[in-house]
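So the structure is just underneath, and the comments pick up after that.
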Amino acid sequence: MTTEVLQVIRSDGSVQKKLEPTLSEEMLRKLYRTMVQVRALDEKGMLLQRTGKIGFYVPSGGQEASQVGAVAALDAGDWLFPTYRDPGMALWRGASFREMLAHEFGCAEDRSKGRQMPNHYAFREMKYVSISSPIATQIPQAVGAAMAAKYRKTKEIVLTSMGDGGTSEGDFHCGMNFAGVYKAPIVFYCQNNQWAISVPLSGQTASESISVKAKAYGFPGVTVDGNDVLAVYSAVRQAADRARAGGGPSFVEALTYRMGPHSSSDDPKRYRPAAEEEEWRQKDPIDRFRNYLKKQGIWTEAWEKETWDGVRADLNEATKQVEALGPPTISSMFDDVWSSIPPVLQEQKDSLIEYLKKGELKDLGGAFPL
Amino acid sequence: MATLTLLQAVNDGLRTEMRRDDRVVCLGEDIGINGGVFRATEGLQKEFGAERVIDTPLAESGIIGTAIGMALYGLKPVPEIQFMDFIYPAFDQIVSELAKFRYRSGGQFPSPVVIRTPYGGGIKGGHYHSQSAEAYFCHTPGIQVVIPSTPHDAKGLLASAIRGEDPVLFMEPKRIYRSIKGEVPEGEYTVPIGKAAIARPGTQVTIVAWGSMTHIALEAAEKAQEEKGVSCEVLDLRSLVPLDKAALLESVKKTGRVVIVCEAPRTGGYAGELSAIIAEEAIDSMEAPIVRVTGFDTPFPYTLEHAYMPNTGRILKAIDTVVNF
Ligand SMILES: Cc1ncc(C[n+]2csc(CCOP(=O)(O)OP(=O)(O)O)c2C)c(N)n1
Ligand SMILES: [Mg+2]
């Protein structure tokens, strides 16, 4: 038995008409532009890491269509419980490069106040929930948010993203089970990029696909070509509509590929063949969508250049701005642990700041404001 | 003798024990072809095969749960948790199961699993690649907690852990994985679990530390000698559980002044336990209150990690406090 893989755009840009979503030209252009933004941010992020300006970076090249197609299929009020490989979901909802880079640099201006490693974004007003490194923890949380939305009858739904590796954790299975039992309005969205660091999918599951797992929890699952932004859009849209209409959870598996290393600390040459990367390079999601836009008569050489130039200019400007921003104050380390600071922690804070003021612990202060 | 990094010593230790005893198997995420994300298991799958060096699915409770089953069956599993920060999905398996199997079965089902895990800050890892979570496990009867600070001890303690009859949490100070080098005997040897080491002898102040903090303590001790003429003894605990109480009390009774360094958050940390033991059993010898130099009661920060981690400046400050009391 093999799982069917839904596709809308064939590799030559031609279309399977039955599944093609009807999207405005403006929407199609925004999809493309956001995918370009993701790729450009990726290149910049890796460069900043390689030149020692930021400490770490998680590239998501190859997964642009998977990220952007999924978020685009939701309503603006729907909640996202993403992973560290979903910058496109934030960019789609309007996060600026400045905000994203302020986070990578761990500046005072970072929404998370420099407390987390790069790529662990949090955007409250976009309902882009703070990302955790521990894999799969967001899944049952997302189900809880969906249960709450159902209780409040808001018609908002939740999408939680995960990697193929994430589906091995216990949190994945209990999240799926709760969602099935409570008919929670949620879309489980797995970007199956074939690898969890060095472990290939075959080392992760003996299941014929990931989406088939949904069946055992009592709801439908589909597999789509994750490098086909319109296939992703269509599948997630259908799942979202179903959730919104009270039909309960669905599972969407997007087949894609992590073109780069797992992170700036990883070297994929140690564990995967270059030929495999090359094979997937031929399936590049941006190239695929470009072919489609060409066929639709939307794409021109001039627009391509304008899009890339515009995105790169924004990114360079944002980088310049962020490089001039300062780090968080040392005192800020003690904020937000609780809703208000308890006396014992206040004491710890006071004694550290007092030492620093006296200049006795110069080695700590340095360029850092108190 | 070869000069090895702490990381190479761990690798050498695993290889040596696997050659010695075919019951020893390793399992964990990315430990096979990739040799572990830090390369602690580099080359082991090649030498011992994929049945003894097992790349597991991404599930820590699965890793520890299956390791327990293997141990019950008679193997000597050495699971790796990729970062200590990711040990929590396995917390139930460790705390409720692994640590209690022997006791709850009246001694019928011992479960000698050795969990290796890199821990600690100082690598710009932020919240989830920096934690020092020893206190949770020290609070759990039935599992030993061992933390080496030198390549020699890393290999020797790992051998003792693998040959021992009890479950061990073997915490590897990743901050000094590559920066600390030392002489390591080739082949088999053991360093006993439950014995502290005097990393530097001294007479006026005892600095108690473990893992990577031992090296910060040593730096501070050197500076205290040079800059202030204060002689500090650095006691490297090596095992937190079982604790070498005799060595601790002996040093403290000699110096009468104690600084305890612990990079974990302060409240409920192991430094508190040590302080209580000293207060209960050596108060008569004390010339000054015990001073702890610890992480703060906040999650581990990213940009500000240098301000969070105990450093030589804060230890010197503490030395001043106990000397000038
Ligand atoms: C609980 C937990 N265990 C281990 C890790 C270390 N780790 C980080 S990412 C990763 C692989 C994740 O693979 P996958 O879910 O497929 O997502 P991808 O990185 O491919 O997007 C691992 C093992 C972690 N972050 N959390
Ligand atoms: Mg993956």
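The values are calculated or read from the model by the stated rules, or taken from the named source; none is laboratory data. This one's a predicted model, so the numbers in the text were calculated from it and none came from an experiment. Here Cβ is always computed from backbone atoms with ideal geometry, including for glycine, and neighbour counts include all displayed protein chains. Each accessible area value is taken on the protein alone, full model and side chains, heavy atoms only, with ligands, DNA and RNA left out. Shrake-Rupley method; radii C 1.70, N 1.55, O 1.52, S 1.80 Å.
Projecting each Cα onto the charge dipole of the stretch A:5-323 (Lys/Arg +1, Asp/Glu -1 at the beta carbon, about the Cα centre), which of A:Ala40, A:Gly180, A:His262 comes out farthest on the positive side? The listed residue farthest towards the positive side: A:Gly180. On C-alpha positions alone, give me the angle between the axis of helix A:343-357 and the longest principal axis of chain A, in degrees, nearest 10. The answer is roughly 70 degrees. For the stretch A:329-370, report the % of Cα-Cα distances exceeding 11 Å. Every Cα pair in the stretch A:329-370 considered, those over 11 Å come to 64 percent. When shorter helices are ignored and each DSSP H run of at least 4 residues is given -39500 (n - 2.57), the per-residue value for chain A at 222 nm works out to -13500 deg cm²/dmol. Largest to smallest in accessible area, the residues A:Thr137, A:Thr307 fall in the order A:Thr137, A:Thr307 (1.4 Å probe, all protein chains included). Converting phi to 3J(HN,Hα) with the Karplus coefficients 6.51, -1.76 and 1.60 and the offset θ = phi - 60°, the stretch A:104-111 yields 4, 7, x, 6, 4, 6, 3, 4 Hz in sequence order, with x at every glycine or proline. Considered as an equivalent ellipsoid built on the Cα gyration tensor, chain B has semi-axes of 33, 20, 19 Å, the largest given first.
Summarising the label geometry, the points placed 7 Å from Cα in the beta-carbon direction at A:Asn177 and A:Ala76 lie 4.0 nm from one another. Computed over the protein assembly as shown, the range of Cα coordinates on each principal axis works out to 86, 59, 51 Å, biggest value leading.
Heavy-atom accessible surface of the protein assembly as shown, averaged per residue, reaches 39 Å², computed with a 1.4 Å probe.
Reported to the nearest whole Å, the Cα centre-to-centre distance from the stretch B:96-174 to the stretch B:280-304 is 23. Within 10 Å of the Cβ of each residue in B:26-32, the mean number of Cβ atoms contributed by other protein chains is 3. Ordering A:Ala245, A:Thr83, A:Ser209 by Cα displacement along the dipole of the stretch A:5-323 toward the positive end leaves A:Ala245 in first place; charges were set at the Cβ atoms of Lys, Arg (+1) and Asp, Glu (-1).
Annotation: amide H of B:Thr206 within the under-5 Å range of B:Glu233, B:Arg257, B:Val258, B:Val259, sequence separation 5 or more or interchain, hydrogens built in the peptide plane. Within the accessible surface of chain B, defined with a 1.4 Å probe on protein heavy atoms only, the carbon and sulfur portion equals 52 percent. Short to long, the 10 Å bins of the Cα pair-distance histogram for the stretch A:5-323 hold 6, 28, 36, 24, 5, 0 percent of all pairs. Filter B:Lys124/B:Lys181; A:Lys358/B:Lys124; A:Lys349/B:Lys245; A:Lys127/A:Lys283; B:Lys195/B:Lys254 down to the pairs with a C-alpha to C-alpha distance above 24 Å, please. Cα-Cα > 24 Å for A:Lys358/B:Lys124; A:Lys349/B:Lys245; A:Lys127/A:Lys283; rest within. Protection proxy ranking, highest mean first, for peptides A:188-194, B:252-258, A:239-245: A:188-194, B:252-258, A:239-245, where packing is the per-residue count of other beta-carbon atoms within 10 Å, averaged. Summed over both chains, the area buried between A and B is near 3400 Å², taken from the accessible surface of protein heavy atoms with a 1.4 Å probe. Helix A:25-50 axis versus longest C-alpha principal axis of chain A: approximately 40°, rounded to the nearest ten. The amide H of A:Val224, built 1.01 Å from its N in the peptide plane, has A:Leu6, A:Glu253, A:Ala254, A:Leu255 as neighbours under 5 Å, considering only residues 5 or more places off or on other chains. Summarising the label geometry, the points placed 7 Å from Cα in the beta-carbon direction at B:Ala2 and B:Glu222 lie 2.6 nm from one another. Considering helices alone, the calculated mean residue ellipticity of chain B at 222 nm is -9500 deg cm²/dmol, with DSSP H runs of length four and up weighted by -39500 (n - 2.57) and normalised per residue. Give the angle, between 0 and 90 degrees and rounded to the nearest 10, that separates the Cα long axis of helix A:138-152 from the longest principal axis of the Cα atoms of chain A. Between helix and principal axis, roughly 80 degrees.
Going highest first, how would you order B:60-67, A:65-72 by mean Cβ packing within 10 Å?
Values: B:60-67: 23.4, A:65-72: 30.2.
Order by mean packing, descending: A:65-72, B:60-67.
For a test of the definition: using alpha carbon positions, the gyration tensor, and the 1.5 limit on a/c, classify the stretch A:1-132 as rounded, prolate or oblate. It comes out prolate by the Cα gyration axes.
The value of relative contact order for chain B, using C-alpha pairs under 8 Å at least six residues apart, is 16 percent. Partner lysines whose Cα lies under 17 Å from the Cα of A:Lys320, excluding those fewer than 8 positions away in the same chain, are identified as A:Lys44, A:Lys53.
The packing ranking, built from the mean of other Cβ atoms within 10 Å per residue, places the peptides B:9-22, A:261-274, B:221-234 in the order B:9-22, B:221-234, A:261-274, highest first. Quick one: compute the contact order of chain A, relative version, from alpha carbon pairs under 8 angstrom and 6+ residues apart, as a percent. Worked out over chain A, it gives 23 percent.
Values of log10 I(q)/I(0) for the stretch B:197-323 across q = 0.21 Å⁻¹ run -1.21, by the Debye formula with one identical scatterer at each alpha carbon and no solvent.
Averaged over the residues of peptide B:127-135, the number of Cβ atoms from other protein chains lying within 10 Å of each residue's Cβ is 2. The phi-based Karplus calculation (6.51 cos²θ - 1.76 cosθ + 1.60; θ = phi - 60°) puts the 3J(HN,Hα) values of the stretch B:22-39 at 6, 7, 7, 10, 10, 8, x, 7, 6, 8, x, 4, 7, x, x, 5, 9, 6 Hz, whole numbers, x for Gly and Pro.
If the segment from A:Val337 to A:Arg244 were pulled out straight at 0.36 nm per residue, it would be longer than the present Cα-Cα gap by 29.9 nm. Scanning residues 5 or more positions from B:Val53 or on other chains, those with amide H under 5 Å from its amide H are B:Cys26, with H placed 1.01 Å from N in the peptide plane. Straight-distance candidates among the aspartates and glutamates for linking to A:Lys155, with alpha-carbon spacing under 18 Å and chain neighbours fewer than 8 residues away dropped: A:Asp75, A:Asp78, A:Glu125, A:Asp241. For the stretch A:159-173, 3J(HN,Hα) computed residue by residue from phi via the Karplus equation (6.51, -1.76, 1.60; θ = phi - 60°) reads 10, 10, 9, 7, x, 4, x, x, 6, 8, 6, x, 4, 4, 5 Hz, glycine and proline entered as x.
When you look at the Cβ of every residue in A:352-358, what mean number of other chain Cβ atoms sits within 10 Å?
The per-residue average across the peptide is 1.
The Kirkwood hydrodynamic radius of the stretch B:2-184, based on inverse pair distances between different Cα atoms, is 16.0 Å. By accessible area, using a 1.4 Å probe on protein heavy atoms only, chain A has 54% of its surface on carbon and sulfur.
Note on the stretch B:4-107: dipole from Cβ charges, positive end direction compared against B:Ala99, B:Gln45, B:Thr66; the farthest Cα belongs to B:Ala99.
Of the residues making up the stretch A:125-144, those losing 30 Å² or more of accessible area when the isolated chain is joined by the remaining protein chains, with a 1.4 Å probe, are A:Ser133, A:Pro134. Report the local net charge at A:Pro328: Lys and Arg +1, Asp and Glu -1, summed over other residues whose C-beta lies under 10 Å from its C-beta. Summing Lys/Arg as +1 and Asp/Glu as -1 gives -1.
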